Structures are given as structure tokens and as C-alpha cells.
Ligand SMILES: [Fe+2]
């Protein structure tokens, strides 16, 4: 979480359940209904199948423990509650175990439209449905293993790959381009922007991804488009280390966004 956050992570009870209030349930429900009304025709069918498979609904904020059990039964993946931002080594270690780190606090009403730090809605609604897809879960696990093995010197570039797939990935379908990245599916502004005409869509290319800078606090000026989740799973075989070395040697591509203003 950013240093100036006013959020604290809730503690689970002895049964591993988080104490969400009736107001939390209402906030979750509003966010859920708004996105589910907005997303058809904009997101990958596999994503919507995942929402149904996990039993997500507008009645209650979900419990990580229950999502974890469903994911485990479906694809052997999992969800692991964490205190918002965790060190990269811990993050990659959980992914390598096919477990997705899930921040467990839920945003308040003043942040319905945008929150910079990932909250329960972003994590569960954004990320967890795709983990019901086998090839996607294979990619997550393989990515975590490779990032862990490559170590610190490669972490920054590996996170670019994560950013342009898991967070902001797009996929080509028979009905046109669709989103599968959590940062798009959990944000009305990002979803509208990604499906609009001024975003630059690029065919997915690993070296280009490793050379592409991004900013976390703006709608994305460019997205990378995969052809299938099998393509994503197949990336595990790529020589990430050699490609990142090449990306470092050739340097970053020019940023498609203005520099962040000093605050
Ligand atoms: Fe995320």
C-alpha cells in the first residue's frame, strides 16, 4: 500500500474468515453489479465463465478461504490473503506455488471509481476468475517459478510481463478484441478506454513487452494482444533471462505517456 493510505488490512478469525461488515457487502455488491452490467462484449468469455465458476455474486464480499478452495478444486490454483503490498520475493514465491496473493481490505465508498492500491474487489473480481482457466493458471505458476529463479536483477522486467498480461492483457477472439487483465476488468474507466479507439493495440511480443515502460496511475496508452491462453501458457518455455538481457542492452522504448509530475 502507498505510505499515505488510510486503509488497514483486516485480520481473519480463528476459522480464517475476514470480518466484512454489512456496508462492505453493500460496497462489494455495487461494484459487482456495475461491472457485470458493463463488461459483456468487452471481456474474454473465459473470464465470465470464471466469475460463474467461483460463485461470485452481489450479495456478499467473498472470503478468500472459499475462493481458494474453489480454485483448488478447479485448476489446482489458489488465493492467499496478504497485507496489500508484499515484497517481490514473496509475491513471486506465492505465484510459483500457483497461489495468487490477495489483498483483503475492501475500498470505501469514496473510492468506488478508482483506488490506486489493489483491494479485495480488484484482487478477487479482477484476478481470481481467470485462475479457473488451466492454461492461464499454468502461466501464473511458470511465471512465478521463472521470476524466482532469475532473482532480483530481473524482477523489474518480469513485472512488465506481469503488467501487460495479468494486469492489462487483451486477447483476440472470434468476436473481436476482449480484455482479460484484472486492471481492465475491475475498472470501468480502464475497460471503456481499452475498448475505445485511441488505445494502441500491439500484437504480443515478449522482447517488446520487456522494453515497454508503464505508469500505474493512468489509463494505459497501449495494450498487448495475445491470440489464446495457450499462447500465454507457452511463454513459460521462453528464455526470459536472455530476452531481458537483450532488453537491457537495447534499452527501453520511448514512453507513450507524460512523465509523472513531481508531488
Ligand atoms: Fe492486480
| said: Based on the alpha-carbon set only, what is the convex hull volume of region 25-78 divided per residue, in Å³? | reply: 71
| note | Between residue 89 and residue 173, the FRET efficiency computed from the C-beta separation at R0 = 30 Å comes out, to the nearest 0.05, as 0.25
| query | Fewest first, what order do 195, 158 take by the number of other Cβ atoms within 10 Å? | reply | 195, 158
| query | Using the beta-carbon distance between residue 192 and residue 14 and R0 = 35 Å, what value does 1/(1 + (r/R0)^6) give for FRET efficiency, to the nearest 0.05? | reply | 0.25
| query | Shape of the chain from its Cα gyration tensor (a ≥ b ≥ c, root eigenvalues): rounded if a/c is under 1.5, otherwise prolate when a/b > b/c, or oblate? | reply | rounded
| remark: Quick shape check on region 178-263: root eigenvalues a ≥ b ≥ c of the Cα gyration tensor, a/c under 1.5 is rounded, otherwise prolate if a/b tops b/c, else oblate, and it reads oblate
| Relative exposure of 110, 190, 66, judged by other C-beta atoms within 10 Å (fewest first) | 110, 66, 190
| task | For region 203-220 and region 44-68, write down the distance between their C-alpha centroids in whole Å. | result | 28
| request: Give the shape of region 201-240 as rounded, prolate or oblate, defined through the alpha-carbon gyration tensor: a ≥ b ≥ c are the square roots of its eigenvalues, a/c under 1.5 means rounded, and otherwise the shape is prolate if a/b is larger than b/c and oblate if not. | output: prolate
| task | Rank the residues 197, 89 as a footprinting-exposure proxy: fewest other Cβ atoms within 10 Å of their Cβ go first. | result | 197, 89
| said: For the chain, what does the helix formula give at 222 nm: sum of -39500 (n - 2.57) over DSSP H segments with n ≥ 4, over the residue count, nearest 500 deg cm²/dmol? | reply: -12000 deg cm²/dmol
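Taken together, the values in this text are just the output of simple stated rules run on the coordinates, not laboratory data. The structure displayed is predicted, hence computed values, not measured ones. As a convention, Cβ positions derive from the backbone with ideal geometry for all residues, glycine included, and neighbour counts pool all protein chains shown.
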